[in-house]
Amino acid sequence: MKLIGWAVLIAAAGLTPAAAQAPQAQGASPQAQGASPQAAAASPQAGPATGGQRPDATLQPGSPTSPAAVAQQPGGAADPAAGTASAPAKPASSPFAHVAPTPGYGVPDGRRGLQEQVTAIGEEAASFHNNWLLLLCAAISLFVLALLSYTMVRYRRGRNPVPSRTSHNTTIEVLWTLVPVLILVAIAIPSIRLLRHQYSPPPADVTIKVIGNQWYWTYQYPDHGDFEIVSNMLKERAEVPAGQRFRTDADGPPLLAVDERLVIPAGKVVKFIVTSNDVIHAFWVPAFWNKIDANPGQLNETWVKVDRPGVYFGQCTELCGARHAFMPIGVEVVPEARFAAWVASKGGTMPGAAPQPAADSTGSSPLTPPAIPAAAAPQPQAAPPTNATPAKPTTAPSQGVANNN
Ligand SMILES: [Cu+2]
C-alpha cells in the first residue's frame, strides 16, 4: 500500500507542473486578470507582467514564461524565439534608420477634429465631414432650436390662452416630409460615392497581412519573402529593466510608440489583409481614415495609398481585453528605395529581386514543392514537403486574387 501511495504521489507531482503551466501559457488569464486593474491605472508596473506572456507563451508552449524578462523587443521575425534576450533585438533593426514623427501629422496633438488626412479617401471623407455633414447638422440644430424657442415664447399659455384647433395643414405636412427626404438624399449621394471609392481599391502594389493578437500586432509581408514583424508598444524608461529599450521622442508619443513599425512604401497602393489570432481587434490609423475589424478566422481587407512619407500612429479600436489600450499601431511611410532597404534589413526580398518569394510561386507549381521552399524560404516551412506547402498557397494567394478585384 505504501508503494502504491508513493507511486500516486510521484505521478501527481509529475503531472502538476504541466497542468499548472497550461492555463498560464494559453491565455495567461489568471496573471493578466489579477494584474489588470493595476494595469489600467498604472500601465508601467503591470505592463511587463502581462505583456511578457505575449507571443512566446502562445507560440511556444515549452518556453519558460518568464514574463518580466520577455517583455517587449521582439526585433522582427528572427527574434521571437530568442524570448528572454531583449538586447539583441536592437542591433537587428538598427541598420535601418527610422525617422521621427512630424508634429501635426499622424500624431494626436491636442487639436480638435479629425487628424490631418494623408490619403485620398481620407481627404474626401474629412471634407465630406467638415464641409458638409457638420454644417448640415449645425443648421438643422439651430433651425429646430429657433423653432422651439419661438413656439415656447409666442404660444405660451399666458400669451395664448385660447389654443388653435388646427389639425391639418397640407402645406406644412408636405414640407416636413419633403425637406427631410431631400436632406437625406443630400447626405446619401456623397456618402455612397465615398463608400464606392473606399471599397473599390485599385490593384495592390504591396500586400500586407495584419494580425491582431492579445495584445500586440504582427505584420506579414507575403510578397517580400514572407517575413513577419512583431510590433509591441514601447514602455517608458522607468518601466523597463536597465539595458532594455525604452521609448524616446524619436519613437513617438507615449502609449503610441512601438518597437517595430509597420513600414510601407510611399505612393503605392498597399492592401492590408486583416485578421486576428484570438479575439476581435480593430486596425485603425486615423490619418489614413481606414478602420477595419480584425476577426479571428476571417480575412478583412482595406487599403491605403499614402504619398507623404512620415510616421502615423493608430490604435486597436475594439475592446479586446485587459491590455487593449496598449497595442498601438505605428506606420512608417518611406520612399520606395528606403522601403527596399528596410525589407532587406528584415531578411526579405523585393518582388522583382533574383530569389523569387516562395509564397507566390508555390501556388502555381504544387508539383515541385520541395525545391522552392529550399531555395527561397528561410522559414522552417521547408520541412513538411507535400502536405503543408500546398496548404499555405491555396489559402493565401486565392484570397489575394479574389480581393484584388
Ligand atoms: Cu485589440
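The residue that is farthest from D109 (Cα to Cα), counting only those in region 293-308 that are away from the ligand (no atom under 12 Å from the Cβ) and crowded, with 18+ Cβ neighbours inside 10 Å, is E301. Scanning region 258-288 for residues that are buried (at least 24 other Cβ atoms within 10 Å of the Cβ) and more than 19 Å from Y221 (Cβ to Cβ), which turns out farthest from the ligand (Cβ to nearest atom)? Checking each candidate, the answer is A287. Inside region 286-296, residues that are at pLDDT below 95 and assigned to a loop (DSSP other than H, G, I, E, B) make up a count of 2. Here Y216 meets each of (1) more than 16 Å from the ligand (Cβ to nearest atom); (2) within 14 Å of A294 (Cα to Cα) with one exception, condition (1). Has region 310-325 got at least one residue that is touching a Ser or Thr at 6+ places or on another chain (Cβ under 7 Å), among the small types (G, A, S) and within 16 Å of the ligand (Cβ to nearest atom)? So far as region 310-325 goes, yes, one or more of its residues are touching a Ser or Thr at 6+ places or on another chain (Cβ under 7 Å), among the small types (G, A, S) and within 16 Å of the ligand (Cβ to nearest atom).
The values are calculated or read from the model by the stated rules, or taken from the named source; none is laboratory data. Quantities reported herein were computed from a predicted structural model and do not represent experimental measurements. Please note: Cβ atoms are built from the backbone with ideal geometry, for glycine as well, and neighbour counts cover all protein chains shown.
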